[in-house]
Each structure stands twice: as structure tokens, then as C-alpha cells.
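**Student:** Here's a structure for you.
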Amino acid sequence: MTEQTKVDTSRTATAQPAPPAAKSGDGQNKEAINQGRRRLVLACVWGYLGVNFLMFLRYFFPRTLFEPDTQFNIGYPSDFEVGVNQQFLQSHRVWVRKDPGSLFVIHAKCTHLGCTPDWEPTQNIFHCPCHGSEYDIDGINFAGPAPRPMDRCWISKQADGTILVNKAILFLSEPYAGIDQFNDTHAILPV
């Protein structure tokens, strides 16, 4: 009996299964796969060429920066209260400083590296967060690495009573060089 089981297992081991019958749709399946591959390759090639064409067209359109005008109207002197007004800080990067008898505009640019200082109303100082320069309420530096006070903008009263500011003309004070333009005609406006 043991011999018969050996013979039976050897017969099954040597017997080879019959090859599967060839399907009629097998060629169509390969053709569909090849067509999908072609479409993918063509889509990649056309996408690459399309992106390059768009970059080529972009060359003909200038890259411009749209900055606010250097000359702008800030309103009437009565629109401002005594102290520092931050109304034009975001739009024009200036502070309007009003005293009981005068008004002037400080350009909000640190003289150390050009950062925009923060106005600290509780301490009445401008503090530059980059390197710690500090300015008093008039924009005069008293601490930190800033070499001189913040600049003041050109200011003029118009015929209708409004105030015109021009940031293209700045007045500076350089105590070590003997330059002090803060008292010039258009650096401060009597109100």
C-alpha cells in the first residue's frame, strides 16, 4: 500500500497542466494599454511645450511694481489730534505728528537698515523691532544702532486748506555732520 501512494504522488508531480486557451480579446487589451501609454506620453510632451510657450509669452509683458504715489493729500490739520497719527502707515509708510502749534510728517523708515519701526503709545517712543533702535516722539534717535533721527517728509498747505505730503523730498538731521533741516520751511507746518 505504501508503494501505491508513492506512485500516485509521482504521477501527479510529473503531470503538467494544460496551457490555458488563448483568449480572443488579449490582443485588444494590449492595444488599449499601449494606446493609454501613448496618450500619457503625448499629454506630458504637450504640457511641457505649453508651459514653455507660456513662459515665452511672459517675456513680452513687463514686470512692474505698483507703488503708491510719492505725493498724496492727508486732509485738513483739524483732522488730526495732538500726538502721533498712524492712519497713513500702511498705505504710505508715514506718521503724522501734531503738536499744539505745528504739524510734521515722519517717514517711517529706520535709519539703521530701513525697517519700519513700531509706535509704542504707552512709552511714547518708536521702537525698531529688527535691531532695537529707539526714537522719541519727534523721531529723534536715543538708543540702539540708528546713526541719526528718522527723516521728515516735505509738507505744504494747499489753497483749499488740505495738506500735501511729498515723500520724494526728505529733510534730515545729521548732528555729527552739522546738518539740521528739521526747521526748514516745508519740513514743519505751523497750524
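The values are calculated or read from the model by the stated rules, or taken from the named source; none is laboratory data. Computed from a prediction, not measured in an experiment: that's the story for all the values here. As a convention, Cβ positions derive from the backbone with ideal geometry for all residues, glycine included, and neighbour counts pool all protein chains shown.
**Student:** Scan segment 104-124 and tell me whether some residue there is aromatic (Phe, Trp, Tyr), without any contact (Cβ under 8 Å) to a residue 40 or more places away in the chain, closer than 20 Å to Ile74 by Cβ and surrounded by 14 or more Cβ atoms within 10 Å (Cβ to Cβ). Break it down stepwise before answering.
**Tutor:** Initial filter on segment 104-124 (aromatic (Phe, Trp, Tyr)): 104, 119.
Among the residues that remain, those that are also without any contact (Cβ under 8 Å) to a residue 40 or more places away in the chain are: 119.
Okay, now just the ones that are also closer than 20 Å to Ile74 by Cβ, so 119.
Then drop every residue that is not surrounded by 14 or more Cβ atoms within 10 Å (Cβ to Cβ), which leaves 119.
Yes, segment 104-124 has at least one match.
**Student:** Something else: Only one of these is over 27 Å from the mean Cα position of the chain (by Cα), at positive phi and either among the aromatic types (Phe, Trp, Tyr) or assigned by TED's automatic domain parsing to the domain that holds Leu164 (or both): Asn124, Asn141. Name it. Give the derivation first.
**Tutor:** Numbers: Asn141 fails: at positive phi.
Answer to the check: Asn124.
**Student:** Can you tell me which of (1) in contact with a Phe, Trp or Tyr (Cβ under 8 Å, 6 or more places away or on another chain); (2) farther than 19 Å from Leu189 by Cα; (3) at pLDDT below 90; (4) of a type outside the set (S, T, N, Q) is the one Gly144 doesn't meet?
**Tutor:** (1)
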